[in-house]
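The values are calculated or read from the model by the stated rules, or taken from the named source; none is laboratory data. The model shown is predicted, which means the values in this text are computed figures rather than measured ones. In this analysis, Cβ positions are derived from the backbone assuming ideal geometry, glycine residues included, and neighbour counts consider all displayed protein chains.
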Amino acid sequence: MITTALPRAAPARTLAVGAWLKNTACLLDGDVVTWSPMHGDLGTPEACRALRASARALLDAAGGTVDAIAHDLHPDFASTRLALELAAELGVPALAVQHHHAHVGVLQAEAGSHAPVIGLALDGVGLGPDGTAWGGELLQVAGARWQRLGHLGTLALPGGDLAAREPWRMAAALLHALGRGDQIVQRLAPAVGERLASGVQTLLARGLHCPRTTSAGRWFDAVAGLLGLSTRQAFEAEAAIALELAATGWLATQPAPVPPPTDLGLAALAQALFETQVAGEGAALFHIGLAHALADAAIEAAQARGVGMVALGGGCFLNGLLARLVVERLQAAGLAASLPHSVGCGDAGLALGQAWVAAHALAEGLATRSPTAIHEEHAACA
């Protein structure tokens, strides 16, 4: 096991069982974080067994006792079931921490702070307290207290989870969202066949098997599919990587395109993509427009609330171009911007945020000895 140190001790000893993807667990004891090995994705029995063994080992390292066990908000994850089991065995609270709250919590733990920050949490998916799939979130976070201030425009997931593996489906969802559903077959049938394209067009038109998401990852997929850069993904984030490479290549030799004024809904930016003739130009336009929308929303939120720090978390900030553009715009407005430094932006470090949030929930009296979700607040965090 590996240990890392924080600049400030947490107010309670917590065990966190991590995310579904790239799972790791950690023990937060004072200012020391003890990490398990990475277990991989919890969709395999081997990963679930490895997590259970690691959680037991971390408890042994804590002398068999902790103040709480933190887990994801999703009730059906193997990690959630394990957390509830261990918490009942030890007689301590099991605390559910919303996924994107935990991403921002990583930054607060690394800073040793529970003061209010504005958070931008961008990734593929995390369950929101409303039961929908989140993933492009503007939050205010102060320790265990948090509030959702905004989110990226909502897209349908035609075919459910299959849409996360097939960017052409997300391209169809984007066309439908922009009132261009009648173009789905014309644009996408050459890549996937008329039967599939027509079937997805029908799903979208009828709202069948099309759950909704605010996921930044799915926006990247949609644009990559629309620009012909990715149809089906052979590995995670393949479409987003292709989009970043195309944008970087364009910007290395061409003037930066000027995006239209757009808000987090991204409708104006998406419409502008139809006017581009070259995939690289469209990819660059999307990156710049998305960065402007994110930074401007964070700047407005920070200024309205007197907050000077914006925390950037979630796997989409592994995109170096997006991260640089957002940070530069935030800093130009006089705000500090932070990315994780002891762990990556993605889910492998999420347990630290879970543990930090849960420790502060105990200190702030927001936890009971029964299974508890740390709820979103509907008033500004203070």
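For this structure, a couple of remarks:
- If you go through the stretch 1-51 and pick out every residue that is assigned to a strand (DSSP E or B) and surrounded by 18 or more Cβ atoms within 10 Å (Cβ to Cβ), you end up with 11.
- Scanning the stretch 77-108 for residues that are hydrophobic (A, V, I, L, M, F, W, C), under 19 Å from residue 376 (Cα atoms) and either under 21 Å from the mean Cα position of the chain (by Cα) or modelled with pLDDT under 95 (or both) gives 95, 96, 97, 102, 104, 106, 107.
- Within the stretch 185-239, the residues that satisfy the criterion of being at pLDDT 95 or above and aromatic (Phe, Trp, Tyr) are 219, 220.
- Wholly enclosed helices (runs of 4 or more DSSP H) of the stretch 147-265 bearing at least 2 residues farther than 22 Å from residue 345 by Cα and in contact with a strand residue (DSSP E or B) (Cβ under 9 Å, 6 or more places away or on another chain): 167-177, 194-206
- Residues of the stretch 266-287 that are free of Cβ contacts under 8 Å to residues at least 40 places away in the same chain and assigned to a helix (DSSP H, G or I): 268, 269, 272, 280, 281, 284, 285.
- All positions within the stretch 92-119 that are of a type outside the set (A, V, I, L, M) and over 18 Å from residue 367 (Cα atoms): 100, 103, 108, 110, 112, 113, 116, 119
- Scanning the stretch 122-146 for residues that are in a strand (DSSP E or B), in contact with a Leu (Cβ under 7 Å, 6 or more places away or on another chain) and over 25 Å from residue 227 (Cα atoms) yields 127, 138, 139, 140, 146.
- Given (1) more than 30 Å from residue 312 (Cβ to Cβ); (2) surrounded by 18 or more Cβ atoms within 10 Å (Cβ to Cβ); (3) of a type in the set (Asp, Glu), number of the condition residue 67 does not satisfy: (1)
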